[in-house]
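Below: the structure, in structure tokens.
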Amino acid sequence: MKTVIHNIFSLLLILHASHAAGQQYRFSDGLYRVPYSNGVTASIASNVWSHSPLGCMDIIAQNCTDCGIVAAAGGWIRAIRDFHNTSCGGSSCCPEFNNFIILEHPNGEWSSYIHLKQNSITNLGHEIDDWVDVGTLLGYEGTVGCSTGQHLHLEVSRPRDRTNAWDNYDGVLRRHGELLNPVICSSGNGMFIEGQTYTAGNCSFNCATSLNLSGNVTNSVQRADNTISSTAVFSADGTGMYRAGTEIVFTPGFAASRGVMFTAQVKTCNQN
Ligand SMILES: [Zn+2]
């Protein structure tokens, strides 16, 4: 018997048994671009599986001096702080001096951009509750707050309560919701891999027309214009996100083991 997802927006399947495995991060529902100005080469210093604390990302721009940080997806600005100019790290970490800008996206997910250069957000005229399109310049990469070098600390979350989605102390989302692994729209594998570089640009990935998937996977993002058909087997504690424009078909053999967090959406490949 086939399980077919058709004409529904989304299926969320969370198979969560109690076990002692490491924490896992569900893929975002929304699509996110590399959050730097077009053409910037962004190096992933850590991703959700390696950042300390887990669930966050550190990204370093490589081929720019004043490196523009842009909205990873369209949203409303819900918080700005950019008056600090103190940098510290390691044992003298001072997160209370973080600069940050935080966006709420229409699908209920939020993103926070931390350590930006002093005054670089307000100098652009940004104000709380302004709407910014994906790719809008938000400010410039810095090393302000708990940071030892130029980089962007990025978090994406789904807050438990949108009226209390972030922490004014340091601008993080992680104490107020579920941290997510953002699906990166311009990348074939759809996720940030530590040690890899990504060229910032628009969300215009050339998706396959249809995909027939099989084999053992742990973490897998797959997008197709029309149909995804899958007999893939997700190993324990894996994560997955399928998105196809017409239908997603789970044929016999598809399996998601203990702890897997898997999402499927019938939605156009690059639509946010
Ligand atoms: Zn960080």
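The values are calculated or read from the model by the stated rules, or taken from the named source; none is laboratory data. Just so it is clear, the model here is predicted, and its values are computed rather than measured. Ideal geometry is used to build each Cβ from the backbone, glycine not excepted, and the neighbour counts take in all protein chains shown. Only protein heavy atoms, including side chains, enter the accessible area calculation; ligands, DNA and RNA are left aside. Shrake-Rupley method; radii C 1.70, N 1.55, O 1.52, S 1.80 Å.
Within region 39-55, if we keep just the residues that are assigned to a loop (DSSP other than H, G, I, E, B) and within 13 Å of the ligand (Cβ to nearest atom), the residue that is nearest to A200 (Cα to Cα) turns out to be N47.
Checking each residue in region 112-153 for being assigned to a strand (DSSP E or B) and over 12 Å from I77 (Cβ atoms) picks out I114, L137, Y140, G142, G145, C146, H151, L152, H153.
Given G253, G240, which one is at pLDDT 95 or above, in a loop (DSSP other than H, G, I, E, B) and not assigned by TED's automatic domain parsing to the domain that holds G68?
On the way: G240 fails: in a loop (DSSP other than H, G, I, E, B).
The unique qualifying residue is G253.
Given the conditions (1) in contact (Cβ under 8 Å) with a residue 24 or more places away in the chain; (2) farther than 19 Å from S37 by Cα; (3) within 15 Å of the ligand (Cβ to nearest atom), which single one is not true for P106? Single failed check for P106: (3).
Quick grid of which residues meet (1) over 24 Å from Y36 (Cβ atoms); (2) outside any loop (DSSP other than H, G, I, E, B); (3) among the hydroxyl-bearing types (S, T, Y):
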position: E155; (1), (2), (3): no, yes, no
position: T163; (1), (2), (3): yes, yes, yes
position: W166; (1), (2), (3): no, no, no
position: L173; (1), (2), (3): no, no, no
position: G188; (1), (2), (3): no, no, no
position: M191; (1), (2), (3): no, no, no
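When region 172-187 is filtered for residues that are open to solvent by 20 Å² or more (accessible area, probe 1.4 Å) and over 21 Å from N272 (Cα atoms), the ones remaining, listed by number, are R174, R175, H176.
Read through the list (1) touching a Lys or Arg at 6+ places or on another chain (Cβ under 7 Å); (2) farther than 16 Å from C207 by Cα; (3) modelled with pLDDT under 95; (4) of a type outside the set (A, V, I, L, M), then give the number of the only condition that G259 fails. G259 satisfies every listed condition except (1).
Annotation: G125 fulfils all but one of (1) over 25 Å from N181 (Cβ atoms); (2) in contact with a Cys (Cβ under 9 Å, 6 or more places away or on another chain); the unmet one is (2).
Counting only residues that are of a type in the set (V, I, T) and more than 21 Å from the chain's Cα centre (by Cα), how many does region 216-272 have? Don't jump to the end; show me each part of the working.
Residues of region 216-272 that are of a type in the set (V, I, T), as a first pass: 217-218, 221, 227-228, 231, 233, 239, 246, 248-249, 251, 260, 263, 266, 268.
Retained after the next criterion (residues that are more than 21 Å from the chain's Cα centre (by Cα)): 227-228, 231, 233, 246, 248-249, 251.
Adding up the residues that qualify gives 8.
Identification of strands (runs of 3 or more DSSP E) wholly contained in region 64-107 with 2 or more residues that are farther than 15 Å from S157 by Cβ and assigned by TED's automatic domain parsing to the domain that holds R162 yields 68-70, 75-81.
Residue check: Y36 meets all listed conditions (1) more than 16 Å from the ligand (Cβ to nearest atom); (2) of a type in the set (F, W, Y); (3) open to solvent by less than 10 Å² (accessible area, probe 1.4 Å) but one, namely (1).
What are the residues in region 56-80 that are of a type outside the set (S, T, Y), away from the ligand (no atom under 16 Å from the Cβ) and open to solvent by 30 Å² or more (accessible area, probe 1.4 Å), if any? Result: Q62, N63, C64, D66, W76, R78, I80.
Matching residues to (1) among the β-branched types (V, I, T); (2) within 16 Å of the ligand (Cβ to nearest atom); (3) crowded, with 23+ Cβ neighbours inside 10 Å:
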| site | (1), (2), (3) |
| --- | --- |
| Y113 | no, yes, yes |
| H126 | no, no, no |
| T148 | yes, yes, no |
| D170 | no, yes, no |
| S204 | no, no, no |
